[in-house]
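First the structure, in the form of structure tokens, and then the observations on it.
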Amino acid sequence: MTLRDVLKILKHYSVNAVAVICVCVFAAVGYYLTSADFWNPYSAKTSIVTSEPTGVLSSSGVQSLLESVARDTVADVDYDPDLISLTSDANSQEIVFSVRGPGAAEALEIANGLVDTTTESARATLRGIADSYQAGVAESESLIGGDPTEFAPGVSTADRIAALNSVYISVTNAFMAEDTRIKGFFKFCLVGVLGGAVAAICVVVLLDSLKRPIRDAQEAREVAKVPILSTNDRANFAERMLMDIQFLMPDGLESVCLLSLGSKQDVLDALHHSLSAGISCSVADSDEGAQDGIQRLSWGGVVVNICPSISCCTESARIANSCDATVIAVRLWSDSVDSLKKELQELDVARANLVGLIILGSE
């Protein structure tokens, strides 16, 4: 199936597609209105950036330590953890706290509290590591002797302790909480539209594959392998059809069997009305109201028999066999490829002279 086919299907089933999109949008908005994002619309962000000016310590190690302290702080705070988001960027050495809350003041208080507590804990942890390191080196030296640099070649103990104490932590506090309700509403609407568009394409393609309707005149011609005599979008389509049949029957034309692919009376009545309105004809009095919905018109000595599908009416097969020419009326998007193929098989069995198709409806 090509993109053109998909667009054609979407155009025809536009009402269904729009309905699917609307349902998806309503579902997305309904989900948003019941989610924590809607009931906790205020968002506050704070951040911590670390730097180690001496270059002695591993930047990734310092970042991992700070992130671990930040996660412990989040776990200890008396607040819904689902409303707290923590992200860490190793490149910029930044840790960001994002807190949502039902009120701006509450979100600001929690976000600023997290960043301040994490900063104090991280500094205390770094001081503790420096003290432990200094004590460990001193103990080792007292036990086995030697210069402390032997335990850390190229970097002295003093350098390492100085590096731990020189780690710089920059704090960015939040002073205003953002109300995300409007942004969230439009975001979920967009998600609903995009998701609905995908769902609509899937639905209409599935619907089309199940119904397998004839979409255009070219498809009908390829299936039946006979010419298109006329289409009902022309003002004189009935006269054009009968004249074309006469051209195809040089030995003379006395009767035509016009077959519908269905048995619904409204379709047969519509065909009867279209033909009688399009040509100067008269109703065959003796056959008006004939059995099984078969209707007859007379035009210039040619009798036109409007019949339901052969698969629905056995009398249609007899009429098709006895008429000089048979024409199938195909309703675009209503009649299926399978029904047209079945009708062609029935006509072959009935030994009818199929000369062409007429197309009803628009592409």
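The values are calculated or read from the model by the stated rules, or taken from the named source; none is laboratory data. Predicted model only: the values in this text are computed from it and were never measured. Please note: Cβ atoms are built from the backbone with ideal geometry, for glycine as well, and neighbour counts cover all protein chains shown.
Counting just the residues of the range 208-219 that are assigned to a helix (DSSP H, G or I) and not small (Gly, Ala, Ser), which one comes out surrounded by the fewest Cβ atoms within 10 Å (Cβ to Cβ)?
Among them, the one singled out is LEU210.
Could you look through the range 220-242, keep only residues that are of a type in the set (A, V, I, L, M) and at pLDDT below 85, and pick out the one that is surrounded by the fewest Cβ atoms within 10 Å (Cβ to Cβ)?
Of everything passing the filter in the range 220-242, ALA235 is surrounded by the fewest Cβ atoms within 10 Å (Cβ to Cβ).
Within the range 96-130, count every residue that is under 21 Å from TYR168 (Cβ atoms) and in contact (Cβ under 8 Å) with a residue 24 or more places away in the chain.
Result for the range 96-130: 17.
Which count do you get for residues in the range 64-95 that are in a helix (DSSP H, G or I), of a type in the set (Gly, Ala, Ser) and in contact (Cβ under 8 Å) with a residue 24 or more places away in the chain?
Number satisfying all stated conditions: 1.
Would the range 226-239 turn up any residue that is assigned to a helix (DSSP H, G or I), within 27 Å of LYS11 (Cβ to Cβ), in the same structural domain as LYS341 (by TED's automatic domain parsing) and not charged (D, E, K, R)?
yes
Can you pull out the residues in the range 94-108 that are under 18 Å from ASP72 (Cα atoms) and either surrounded by fewer than 17 Cβ atoms within 10 Å (Cβ to Cβ) or not aliphatic (A, V, I, L, M) (or both)?
Passing the criteria: GLU94, PHE97, SER98.
Do we have VAL205 as under 23 Å from VAL29 (Cβ atoms) and either touching a residue at least 40 places away in the same chain (Cβ under 8 Å) or outside any helix (DSSP H, G or I) (or both) here?
Judged against the criteria, VAL205 is not a match.
When the range 23-56 is examined, which residues are found to be under 16 Å from PHE186 (Cβ atoms) and touching a strand residue (DSSP E or B) at 6+ places or on another chain (Cβ under 6 Å)?
Correct list: PRO41, SER43.
Could you check the range 324-351 and list, in sequence order, the residues that are crowded, with 22+ Cβ neighbours inside 10 Å and among the hydrophobic types (A, V, I, L, M, F, W, C)?
Correct list: ALA325, VAL327, ILE328, ALA329, VAL330, LEU347.
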